[in-house]
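Beneath this line is the structure, given in structure tokens, with notes to follow.
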Amino acid sequence: MTSATPRPASPPSALPDRLCSLGVPLDLSPAKFGFLAETPADADRASLRRQMDDAGYLFLRNFWNREKVQAVRESLTRQLASLGFLRPDAPSDEARFAGRDVGRAMGNPLDQHDPVLRELLFGERMMAFFGDFLGGPARHFDFIWFRTKGPGTGSPIHCDLVYMGRGTHELYTVWVPLGDIPLALGGLLLLEGSHRKAAELQAYLSRDVDTYCENHEDAAEFAAGRKWWDGTLSKNPAALQASLGGRWLTAEEFRLGDALCFKMTLVHGSLDNTTDRIRLSTDTRYQLATAPIDERWVGENPPGHTTAMKRGRVC
Ligand SMILES: O=C(O)CCC(=O)C(=O)O
Ligand SMILES: [Fe+2]
């Protein structure tokens, strides 16, 4: 059993000259950029909890075997191909972008109820892992966030709490690469140590994207969902880093079978995708079964950010 939390590995010499997030070039010097620390495969509960507290994430290489995850990839690329999102002249497994965006998580056409996908994300392996990690029976949100990102800019920089904080905050995201994701394909990007910036981020973290000020003039617009704060923390990863500190961390390559688990208050976004392929991944959420849960994300067809879920408050 390992005791110490491993240090993130330093960047190898193979780092490209330029990596961008939201069109902004990152400072790739060792003080500003690095790779995620891999969680040792034999880590016990105490060391997993310690790494989660210290680093704000667990990077679980080979959490599943590749074949199991490849079957999920095939199910999703088959759907994308039949919906016309993939170039028909290339094998669908390559997920070559056909020119039309697939859509953001809430409007994504991929099948939420795909049994192969649900077995991966909510099956025995994952639920047993969280049961042990949380110290009691675990449950998951029913909604699955699909990321099907073609060429272009990555995800806005945010913390997950502002989208899903109406239940327990002892809640974890698992980001799952559904394919090998080298740097150019635009994988997840975390800001090191940002889960310890509660004071600096207090105003941001106390917000909820579906809550509006009912005493403001445009309250009706927010209540009807015609206006919406999208939860973005920053549009500029370099400026945010200058104010919060920490290195931007990613993996030189996320691989089929990996899982990246992180806290609700960890700042993240993604690298831009500079290839002609679609980056495929999902993210899902886990908590103690006995803890309160955010009603937006549970049920056969979770309501999500619909108008029924809007809440007014005096501010
Ligand atoms: O995959 C992405 O680009 C964003 C994922 C994300 O925000 C998350 O896993 O919470
Ligand atoms: Fe997120």
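A few remarks follow.
- Only helical runs count toward this figure. For the chain, summing -39,500 (n - 2.57) over DSSP H runs of n ≥ 4 and dividing by all residues gives -6000 deg cm²/dmol at 222 nm.
- Options THR250, LEU280, SER194, ranked by Cα towards positive dipole end of the range 20-313, top entry (Cβ charges): SER194
- Label point at ARG18 placed 7 Å out along Cα→Cβ; residues across the range 170-191 whose backbone nitrogen lies under 17 Å: 183-186
- Local electrostatic count, ASP258, Cβ distance below 11 Å [Lys/Arg +1, Asp/Glu -1]: 0
- For ALA238 and ASP44, the difference between the fully extended length at 0.36 nm per residue and the C-alpha to C-alpha distance is 66.3 nm.
- Largest GNM mean-square fluctuation among THR290, THR77, THR39, using the chain with Cα springs under 10 Å: THR290.
- Neighbour-count order for SER234, SER21, fewest beta carbons within 10 angstrom listed first: SER234, SER21
- Debye, to nearest 20: dipole size of the range 20-313, +1 on Lys, Arg Cβ, -1 on Asp, Glu Cβ: 260
- Approximate spin-label separation ALA128-HIS305, in nm, with each point projected 7 Å along Cα-to-Cβ: 3.7
- Farthest toward positive dipole pole in the chain [+1 Lys/Arg, -1 Asp/Glu at C-beta], among TYR172, ALA37, THR265: THR265
- Gyration tensor (alpha-carbon) shape descriptor, the chain, a/c threshold 1.5: rounded
- Chymotrypsin sites (Phe, Trp or Tyr not before Pro) within the range 210-315: DSSP coil, no more than 16 neighbouring Cβ in 10 Å: TRP228, TRP229
- Potential lengthening of the chain between ALA224 and ALA291 amounts to 21.1 nm, from the contour at 0.36 nm per residue minus the alpha-carbon distance.
- Gain upon complete extension [GLU217, LEU83; 0.36 nm per residue less C-alpha separation]: 44.0 nm
Read-outs throughout are calculated quantities, based only on the coordinates presented, and are distinct from any laboratory measurement. All figures in this text were calculated on a predicted structure; none of them were measured in a lab. Glycine gets a Cβ as well: all are built from the backbone with ideal geometry, and neighbour counts include every protein chain shown.
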